[in-house]
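Right, one structure below, let's go through it.
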Amino acid sequence: MASRDRNPGGSLDSVSMAIIEQLQEDGRRSYAAIGKAVGLSEAAVRQRVQRLLDQGVMQIVAVTDPLTVGFHRQAMVGMRVEGDIEPVADILATMDEVDYVVITAGSFDLIAELVCEDDDHLLEIINKRIRAIPGVRSTESFVYLKLRKQTYTWGTR
């Protein structure tokens, strides 16, 4: 999801939130099983899921371990930006190697997660592409040594 601005206000009813929680537990859960759990018909669940997807509230994707699919280097890159932060965030969001971009408060203006084939690829992205973006004043890289936990089951509020 490129931006969370597509559903301003977070106005979801309890049934939509329950559907999301069902899919967070198992993204392959059938509409019939979800319907049984939340008290809707299969067709009603299908419509609600499509609406949630269309509104950008959620995505249904396969989450992989990058190491097993040929990406042997991951890193978080913190950036300090001069001037308007949003154009820099927009450029980062277009890069295939960047899977996560956030505008932050604190010592960094932006943080991006990179998934790369190897260290040479990571160096190319940081040195030739990120540092070349107008407004990027400095970067600090945090190279991942081992992934201990990755979860998307935080539920809804």
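The values are calculated or read from the model by the stated rules, or taken from the named source; none is laboratory data. The model shown is predicted, which means the values in this text are computed figures rather than measured ones. Reconstructed Cβ throughout: ideal geometry from the backbone, glycine too, with neighbour counts over all protein chains shown. The protein model used for the area step is the full one, side chains on, heavy atoms only, and it has no ligands, DNA or RNA in it. Shrake-Rupley method; radii C 1.70, N 1.55, O 1.52, S 1.80 Å.
Within the range 137-157, the residues that satisfy the criterion of being open to solvent by less than 60 Å² (accessible area, probe 1.4 Å) and within 19 Å of Gly106 (Cβ to Cβ) are Ser138, Thr139, Ser141. Which of the residues spanning the range 27-71 are surrounded by 15 or more Cβ atoms within 10 Å (Cβ to Cβ) and either closer than 30 Å to Leu145 by Cα or among the acidic types (Asp, Glu) (or both)? Matches in the range 27-71: Met58, Pro66, Phe71.
For the range 9-26, enumerate the residues that are of a type in the set (S, T, N, Q), within 28 Å of Lys149 (Cα to Cα) and either within 17 Å of the chain's Cα centre (by Cα) or not in a helix (DSSP H, G or I) (or both). The answer is Gln24, and nothing else.
On inspection, Val102 does not qualify as open to solvent by less than 70 Å² (accessible area, probe 1.4 Å), over 17 Å from the mean Cα position of the chain (by Cα) and β-branched (Val, Ile, Thr). Cβ-Cβ distances below 7 Å connect the following pairs, each with a first residue in the range 25-44 that is without any contact (Cβ under 8 Å) to a residue 24 or more places away in the chain and among the small types (Gly, Ala, Ser), a second residue that is open to solvent by 60 Å² or more (accessible area, probe 1.4 Å) and part of a loop (DSSP other than H, G, I, E, B), and a separation of six or more residues or different chains: Gly35/Ser41. Look at (1) in contact with a strand residue (DSSP E or B) (Cβ under 9 Å, 6 or more places away or on another chain); (2) open to solvent by 90 Å² or more (accessible area, probe 1.4 Å) and you find that Ile85 fails only one, number (2).
Filtering the range 106-136 to residues that are closer than 14 Å to Glu86 by Cα and either exposed (fewer than 12 other Cβ atoms within 10 Å of the Cβ) or touching a residue at least 60 places away in the same chain (Cβ under 8 Å) (or both) leaves only Pro134.
Just one of the numbered conditions (1) more than 22 Å from Pro66 (Cα to Cα); (2) of a type in the set (Gly, Ala, Ser); (3) in contact with a helix residue (DSSP H, G or I) (Cβ under 7 Å, 6 or more places away or on another chain) is not true of Ala112: (1).
Taking the listed residues Met79, Met95, the one that is out of contact with any strand residue (DSSP E or B) (no Cβ under 7 Å at 6 or more places or on another chain) and open to solvent by less than 40 Å² (accessible area, probe 1.4 Å) is Met95, with no other qualifying.
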